[in-house]
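A short write-up of the structure that comes next.
Rule-based calculations on the coordinates, nothing more; no lab input. A quick note: this is a predicted structure, and the numbers were derived from the prediction, not measured. Every residue, glycine as well, gets a Cβ built from its backbone with ideal geometry; the counts of neighbours run over all protein chains shown.
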Amino acid sequence: MSLIVVGTMAFDALETPFGKVDKIIGGSATYVAWSASNFTQPIKQVSIIGGDFPQSEIDALKKRGVEFDGVEVVPDGKSFFWSGRYHMDMNTRDTLITDLNVLAQFNPQIPENYQDCEFLMLGNLAPAVQMSVINQMKKRPKLIVMDTMNFWMESAMDDLHKVLGMVDVLMVNDSEARQLSGEYSLVKAALKIQKMGPKYLIIKKGEHGALLFHGTNVFFAPALPLEEVFDPTGAGDTFAGGFIGHIARTKDISFENMKTAIIVGSAMASFCVEKFGPERLVELTHAEIEQRIEEFVELVNFDINLVQ
């Protein structure tokens, strides 16, 4: 049994206060695959790329147990391209260019040999595309996780509501949770969003950690305070990859295990921001991952003796 990852494989051009790259590999499915493959294999990738996507990148992912039967290649097309500039606080950014290119014709087809998957990760795509993938599954996966963004709340709310009724876990950031629910309090927002369908809600707060909601249960994981943050691009997708990778490895979809998955995801995201693009994820060792997870445990672990 394995994991299906649906999302973009792309090129990014990035500018942060600490440097600039004109063209680097990016895309939600790329980050999820690099992150999740540390915990579970195979990763059954579903995406679309142009003939310009480097064979060397495909080969590197294949070595990590990523299967490409569900990746459509348009030989004379160009891959999705995004360019952005980050502000000094690294939480805000300006989108400079978005060229959909082959992504504009993305109509994912789920191959027969993907049908046995227990876990499905839907990257941030049009809700109609996310729905089409779920509808193609002959047997409902054990856990369906989806990411979305404010753009779809503004342009495709009807479809978004439909797909929310079909998934188990929704991942959004705090401003998206507020926009989707119409509530400022994240606790109220979480309760409202869970009524839309997802039994679990993860609210990503960037450098301020992540929240997991299930019914009235809440779990908070901090982000690791880092000395250097070079590039936050893909950190949310890397977090998602660590989260779903741990779940797929353990096959345990309880709230308790999701707490651990949140810590694993946070640890993976903390590596992602240390270099541009997925560069840091490519060179990661299991020893480094274990050590970083231990640092997270230390960060939140304390004994308390109240004076009687």
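Around residue 114, with a cut-off of 12 angstrom between Cβ atoms, what is the net charge of the other residues, counting Lys and Arg +1 and Asp and Glu -1?
-2
Rounded to the nearest 500 deg cm²/dmol, what is the calculated helix-only ellipticity per residue at 222 nm for the chain, with -39500 (n - 2.57) per DSSP H run of length n ≥ 4?
Value at 222 nm, helices only, nearest 500: -11000 deg cm²/dmol.
Please identify every one of the chymotrypsin sites (Phe, Trp or Tyr not before Pro) in region 169-250 that sits in a loop by DSSP and has no more than 16 other beta carbons within 10 Å of its own beta carbon.
Hits after loop and neighbour filter: 184.
All other residues with a Cβ under 13 Å from the Cβ of residue 161 taken together, and with Lys, Arg as +1 and Asp, Glu as -1, what is their net charge?
Around residue 161, the surrounding residues sum to +1.
Region 17-69: which chymotrypsin sites (Phe, Trp or Tyr not before Pro) are DSSP loop and have at most 13 other beta-carbon atoms within 10 angstrom?
18
If you take all C-alpha pairs in region 34-97, what percent of them are over 15 Å apart?
64 percent
Just to be sure I understand: of the beta bridges DSSP finds with both ends in region 1-116, what percent are antiparallel, rounded to 5?
40 percent
How large is the convex hull of the Cα atoms of region 239-308 per residue, expressed in Å³ as a whole number?
Here the figure is 106 Å³ per residue.
Could you tell me what % of all Cα pairs in region 1-127 have separations over 17 Å?
Distances greater than 17 Å cover 58 percent of the Cα pairs.
Do any of 205/259; 162/192; 44/142; 20/78 go past 20 Å between their Cα atoms, and which?
Flagged as over cut-off: 20/78.
What is the Cα centroid distance between region 197-242 and region 89-117, reported in whole angstrom?
Result: 20 Å between the Cα centres.
Over the chain, what is the relative contact order in percent, taking alpha-carbon pairs closer than 8 angstrom and at least six residues apart?
The normalised contact order for the chain reaches 17 percent.
Among DSSP beta bridges lying fully in region 96-235, give the percent that are antiparallel, nearest 5.
Around 45 percent antiparallel, to the nearest 5.
For a quick size check, give me the Cα extents of region 11-64 along its three principal axes, largest first, whole Å.
Principal extents (largest minus smallest coordinate, Cα): 36, 27, 17 Å.
If I take all pairs of Cα atoms in the chain, what percentage of them are more than 30 Å from each other?
Result: 27 percent of Cα pairs exceed 30 Å.
Which pairs, out of 62/204; 63/251; 23/199, put more than 27 Å between their alpha-carbon atoms?
The answer is 62/204; 23/199.
Where does the charge balance sit around residue 47 when Lys and Arg score +1, Asp and Glu -1, over other residues with C-beta under 13 Å from its C-beta?
-4
When a footprinting reagent is the concern and you count Cβ atoms within 10 Å, what order do 117, 272 take, fewest first?
117, 272
Identify which of 241, 206, 84 has the largest mean-square fluctuation in a Gaussian network model of the chain, with springs joining Cα atoms closer than 10 Å.
Among 241, 206, 84, the largest GNM mean-square fluctuation belongs to 84.
Pick from 204, 62, 251: which is most flexible by mean-square fluctuation in a GNM of the chain where alpha carbon atoms under 10 Å apart are linked?
Top of the fluctuation ranking is 62.
What is the Rg over Rh value, at two decimals, for region 221-273, using alpha-carbon atoms and the Kirkwood definition of Rh?
Using only Cα positions, Rg/Rh for region 221-273 is 1.02.
Quote the convex hull volume per residue of region 98-227, based on C-alpha atoms, as a whole number of Å³.
Hull volume normalised by residue count: 145 Å³.
If you take every DSSP beta bridge fully contained in the chain, what fraction is antiparallel? Give it as a percent rounded to 5.
40 percent
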